1. Restricting to the range 305-325, count the residues that are within 29 Å of Asp291 (Cα to Cα), open to solvent by 10 Å² or more (accessible area, probe 1.4 Å) and modelled with pLDDT under 95.
2. Condition (residue is within 30 Å of Phe319 (Cβ to Cβ) and either β-branched (Val, Ile, Thr) or in a strand (DSSP E or B) (or both)) applied to the range 78-97: is it met by at least one residue?
3. Give the residue that is farthest from the chain's Cα centre (by Cα), with candidates limited to residues of the range 38-76 that are surrounded by 16 or more Cβ atoms within 10 Å (Cβ to Cβ) and over 25 Å from Pro662 (Cα atoms).
4. Are there helices (runs of 4 or more DSSP H) fully within the range 148-219 with at least 2 residues that are over 23 Å from Ile400 (Cβ atoms) and either modelled with pLDDT of 95 or more or under 26 Å from the mean Cα position of the chain (by Cα) (or both)? List them.
5. Just to check your reading of the model, which residue among Asp251, Asp228 is acidic (Asp, Glu) and crowded, with 17+ Cβ neighbours inside 10 Å?
6. When you go through Thr477, Thr525 one by one, which is the residue that is surrounded by fewer than 17 Cβ atoms within 10 Å (Cβ to Cβ) and at negative phi?
7. When Ser146 is evaluated against the numbered criteria (1) buried (at least 19 other Cβ atoms within 10 Å of the Cβ); (2) touching a Leu at 6+ places or on another chain (Cβ under 9 Å), which criterion, by number, is the only one it fails?
8. I'd like to check something: does the range 310-320 contain any residue that is in a loop (DSSP other than H, G, I, E, B) and polar (S, T, N, Q)?
Amino acid sequence: MKRIFASCLVVALVLVAAGLVAEDRPGIAGAVPEPPVVVIEVDPDSVPAALERLEEAEATVLAHLAPYRWLVVGASSEVAGTAGVRGVSGWKPEQGVTVDLRQRAETKSISDQKQSVVVALAPGADLDRAGERFSAAGALVTWIDSSAEPAPQLGLRVSDHRLGDLVEALAETPELVWADASAPVRLLNGQSVWRCQSGVRHRTPIHDRGIRGEGQVIGIMDTGLDADDCRFRDSGAGLPALNGPTGTDVDLAQRKVLAVDFHWSEDWPVWGGGWDDHGHGTHVAGSAAGDELGNGVHERVDGMAPAARLVIQDGGFLFDDCGDLPGLGCPMKPLVPVLEQAWLQGARIHSNSWGDEENILPLGRYTERTADVDRFMWQHKETLVLFAAGNAGPWDGTVISPSTGKNGISVGATDSGDAQVPCVAGFSSRGWTRDGRIKPDVVVPGWAIVSAATNLWVPDPSCFEAVSSGTSMAAPTAAGLAALVRQYFTDGYHPTGIARPEDAVTPSAALVKAVLIASAVDLTTMGCDHEPAPSRDQGWGLIQLDTALAVPGGGYRLLIDDHREGFASADDEPVRLDVAVTGGGPLEVVLVWTDPPSTSLADANLINDLDLTISGPDGVYMGNSFVGGFTVPGGEPDRVNNVEVIRLPAATKGIWTIEVGPHAIPVPGQDFALVATGKLRPQTGPRAAGGRAGP
């Protein structure tokens, strides 16, 4: 089996006691206000007023410990008792040390094995002096990032036998926002085309409609790319644009690879050489968008979206105790700049076949690097980020970070798409996340995948192939399928199933995700011995696009509301949409929203909470109230997930009302995407302003 590539309130108190200075101790310099970190409790009914008061005080919310319990930076204690603020309490620095890091320190190991720790300090802290303090406790400072979000950060390496000393130093650092253990980054290492389009051998209705990824750009962070492989090279345009870790040049004349961004200096191609000296990156790129003949048509081992183009981010390869991708740092650096680079180069889908070391327990964690992905997607609502779920199955609770995030898609692996019954592969990591969210989201084939192989040298044209297995192979497959879904909307295939420029829209990432989930087929209906979806092994099921992307003559409709006008508070009126069910058969409704980022310090990671309800001739149903693979009447509202689904095996003809309502909105402006599939037609558009309901 392949190893998987894989708010803080610095209180600006006016100290009237002249001459007050900081305690004479080693560490962070300057007279530090007390307390440097506080927690603000906010009245749920007065969130806008609280945010306005904090803005007036030039304060910034950095993290949500709970929906209405915030860590903030940059205000005075006078905000307590003002509009919307229930109270301000002190934040002890030891509270910023995560449970996982503290537990590792308490083992009191005498080993010299190195551990990685990531630390965030309040803005304004002297990072260099902080580094000196942590060095005195036995840690090596490997990087400092003063511009990291949500707060300045340091990466540390420390031997097991000094970890307790470091934790003690952290717990005595007043500016500490959080400190978390960081596991090494590991790589997570056909027949998927027809399996994920129709489920019928060699039938590809999505490709047949001319939806092959045209106009879409997929970003991939991996070991690099053999850019002159036949599936990627452009004989007329030559090699693609080349950048360092911050460059954003692209070559729009390229038929496949717009740019290669080198995040590891040793891969920088001064005189040519091994741009991918492992082969993992070339293989996954081929699964997403490889195109051997350059005609945008799938043949042999081409990718899911052969007409899509690529932005490659080369993280290098160097296997050691700190990870496989040295370009991501040791420990892993903040991910927002990495994702931002690909976004500036045009990528609106981003695939990642790596994650935290699956052998380092516990798994299923929401880490600060997980929060980076959620933060980026909250800031870039049209970009969908996908991660391999991990190769630590078949045990429960083994999905790895950053695949544990809320907003992206966690991809598990099934057996070969050519298998008669493609059940979940034994190695594929299982859910749930530690706070109980449904992960993985979906599964696609990841066993014995044939794709492109590197010949370890550029320029030296080749056309090699290799077979590999893992959720590493599943993630780019799902990314290619996401590109097809996105093209369905950008080329105006919705609502008629025929491309019409007047119907072209730019979908949110939440809408693309909702369609992928709506297309998922429960593997138990195919004979697999799994728990019915949603389940720990398959999530919502195996992607099969023709069950969601309606085409002429398909017998069912796809209705959408990509609702861009967000809820401002929990008091807002729900959005309601009436649909007419015109014939018997399944009815499925999927609600997805891109949620604000959480933190490793939180026990539960959902911030804004919406509720999905439908009502009609058969009763009232709530999202995620499942028994035996189908939604049952009644039930309790879901307070954990930002994906809610209703699946009915058969819906009675008549008028049904779909309702999306806000339960908790601590961060105003929560938009959402709603998808409904079945034999139906719209009766009314959304009854609240904004959004678009497709006919």
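The values are calculated or read from the model by the stated rules, or taken from the named source; none is laboratory data. All figures in this text were calculated on a predicted structure; none of them were measured in a lab. With ideal geometry, Cβ positions are generated from the backbone for all residues, glycine too; neighbour counts draw on all protein chains shown. Side chains included, ligands, DNA and RNA excluded: accessible areas come from the protein's heavy atoms. Shrake-Rupley method; radii C 1.70, N 1.55, O 1.52, S 1.80 Å.
1. So the count comes out to 2.
2. Yes: the range 78-97 contains one or more residues that are within 30 Å of Phe319 (Cβ to Cβ) and either β-branched (Val, Ile, Thr) or in a strand (DSSP E or B) (or both).
3. Here the residue is Ser76.
4. 163-171, 192-195
5. Answer to the check: Asp228.
6. Thr525
7. So Ser146 meets the others, but not (1).
8. no
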